[in-house]
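What follows is a set of notes on a single structure, which appears directly below.
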Amino acid sequence: MDNFILYTIGISVSIFIIYFIGVMNAPYDPQTVKNDHFECGLPVSSATPKRANFGFFIFAILFIIADMSGLFFTLVVFADNLHAQLIASIFALILAVSMSIAMREYNSVKDI
């Protein structure tokens, strides 16, 4: 228990030290845009609105899929029965199909 407390205190102190070093070294350059309220975002730079890139949405979905796969695979790795291995293989198959569909959509949107 003592090692855990020392580790926690060490990590916390290290984070604060790194934060304060960053604050001390950061340039202070306040501008009107930085001090303005961001209720509606930055002022528009052109009269015609820009279309949102759908590829960013697909990339976010791929990130969530990869993140959840790591979570579920680590939960199932330590199980020693056949049922858990069957569920893991079905999950891997569904994951592979969903990743291939998302990548195909991402590539087709990127080409437009």
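The values are calculated or read from the model by the stated rules, or taken from the named source; none is laboratory data. Keep in mind the model is a prediction, meaning the values are calculated, not measured. Neighbour counts run over all protein chains shown; Cβ positions are idealised from the backbone, glycine included.
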* **Cβ pairs under 6 Å, 6+ apart, first in the range 6-33 and of a type in the set (D, E) and surrounded by 10 or more Cβ atoms within 10 Å (Cβ to Cβ), second at pLDDT 90 or above and in a helix (DSSP H, G or I)** => none
* Of all helices (runs of 4 or more DSSP H) completely enclosed by the chain, which ones contain at least 2 residues that are modelled with pLDDT of 70 or more, of a type outside the set (S, T, N, Q) and on the phi < 0 side of the Ramachandran plot? -> 2-25, 54-77, 82-110
